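The values are calculated or read from the model by the stated rules, or taken from the named source; none is laboratory data. These numbers were taken from a predicted model, which means no experiment stands behind them. Glycine also receives a Cβ, built like all others from the backbone with ideal geometry; neighbour counts cover every protein chain displayed. Calculation scope for accessible area: heavy atoms of the full protein, side chains included, ligands and nucleic acids excluded. Shrake-Rupley method; radii C 1.70, N 1.55, O 1.52, S 1.80 Å.
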Amino acid sequence: MPFLFATVLLDLIGFGIIIPILPFMAPTLGASNFDIALLIAVYSLCGALVGPFWGRLSDRIGRKPVLLICLAGAAVSYVLLAFANTLFLLYVARILAGLMAGNFAVASAMVADISAPDKRARNMGLMGAAFGLGLVIGPALGGILAGDDGRYMLVGLVSAGLSLAAMLAGAVMVKESLSPAQRKEHRDERDKAGKVSMLKMLRNTRNTGLVGQFFLANNCHTTVSYLFPLWVGAYLGWGAKEVGLVFGIQGLAMAILQSSLIGQLVRLMGERWLLTLGTSLASLGFILLALANDQTMILAGFFTAITGGTLCGPVLNSLLAERTPAALRGRMLGTAGSSSAFGRVAGPLLAGILLSLGNFHIAWLGGLAMAGLMLAWAGRQILYPSTPAVEAAATTGSSS
């Protein structure tokens, strides 16, 4: 876990650096506000298309090789971004980054492989903490590196260096979580059952609704990531440095919450009640953002919405791992990663459309609708809790 944590952290710092600078870098190459939404969406769309492939490949050849391939590809994409001098090349860089965006789902599968059931939520929280710390250090570092004069090439090159460092750290320090014997055992289980489609896998494991929550959660998160920099830039006159600082503060709060408190909250409340709390906070945050008319209310809404989403992430991963047989874990988490990526496509596109039709206050209502759907599903899990499907159901096609 410590070595895997360090590898994911380095990669997420490299990813986080890009967050505050993209809305300011893209216009220098002729991008409109809707282009910025498309740049976020195309990255996520490509990730959605290849997510199940990376997960399935990790089931067959092991988690570690796939993790290293994705990290190497991310490094190349950041180099392309650093030297992009046209909007077309910026799109190419983001497309390549999306195609290589399988590392977090594969790392989550590794955590599920090595975690005892009673430690799974805590360990998923530690991966979430790596994500949070990446969003502390990354955006703050990106804002500092970009500076007031927009040194975007430097930001891209530093991101590439961090992904390469993560790849080297992973190659040296991270151990494979699936032994050859385990991969053979899982392969034999899949071969015995025959080919199972993704939809049938979701239905037989009763995970269709749960995987849908990954779509909604990431839709909410990217709505905030897209709208917030544009909003504070237009209304408060902020730049990449100020936006990076705010994302950094929120990332620090995420890291503390997920590394120190998630496990305790799960033991105290249970996963379903904690998910309900998280979705309630996310919904409240979007209400505040839709009504905000000053800096204090804007920041209160931002921090409330992101904190709610922070509570949801590790719980969703833990529930999915619990409800998935080991032989399908990589494929299932890859499918969830794909659902997450489609959410990151839909979030900025919906927000961009609402923004073009109305104003920022109207645009926040799209995020509120998605958070409300999450809250409704979480509440239903408390009223009508479902039990995980037995392992045989996932591989034999039984609907027990």
Restricting the stretch 206-235 to residues that are modelled with pLDDT under 85 and touching a Lys or Arg at 6+ places or on another chain (Cβ under 6 Å), the one farthest from Ser318 (Cα to Cα) turns out to be Thr222
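Conditions (1) within 20 Å of Thr222 (Cα to Cα); (2) open to solvent by less than 30 Å² (accessible area, probe 1.4 Å); (3) at pLDDT 90 or above, marked per residue:
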site: Leu320; (1), (2), (3): no, yes, no
site: Gly343; (1), (2), (3): yes, yes, no
site: Pro348; (1), (2), (3): yes, yes, no
site: Asn359; (1), (2), (3): yes, no, no
site: Ile382; (1), (2), (3): no, no, no
Listed by first then second residue, the pairs whose first member lies in the stretch 206-230 and is open to solvent by less than 10 Å² (accessible area, probe 1.4 Å), whose partner is assigned to a loop (DSSP other than H, G, I, E, B), with beta carbons under 7 Å and at least 6 positions apart or on separate chains, are Asn207/Arg323; Asn207/Thr324; Leu210/Arg323; Pro229/Pro20
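Okay, residues lined up against (1) closer than 30 Å to Met201 by Cβ; (2) surrounded by fewer than 23 Cβ atoms within 10 Å (Cβ to Cβ); (3) modelled with pLDDT under 85:
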| residue | (1), (2), (3) |
| --- | --- |
| Gly47 | yes, no, yes |
| Gly51 | yes, no, yes |
| Gly62 | yes, yes, yes |
| Val76 | no, yes, no |
| Leu99 | yes, yes, no |
| Ala107 | yes, no, yes |
| Gly142 | no, no, yes |
| Leu145 | no, yes, yes |
| Gly156 | no, no, yes |
For the stretch 290-304, pairs from a residue that is open to solvent by 50 Å² or more (accessible area, probe 1.4 Å) to a residue that is in a helix (DSSP H, G or I) and acidic (Asp, Glu), with Cβ under 8 Å and 6 or more apart or across chains, are none
Can Arg56 be described as in contact (Cβ under 8 Å) with a residue 40 or more places away in the chain, over 25 Å from Ser356 (Cα atoms), in contact with a helix residue (DSSP H, G or I) (Cβ under 9 Å, 6 or more places away or on another chain) and among the charged types (D, E, K, R)? yes
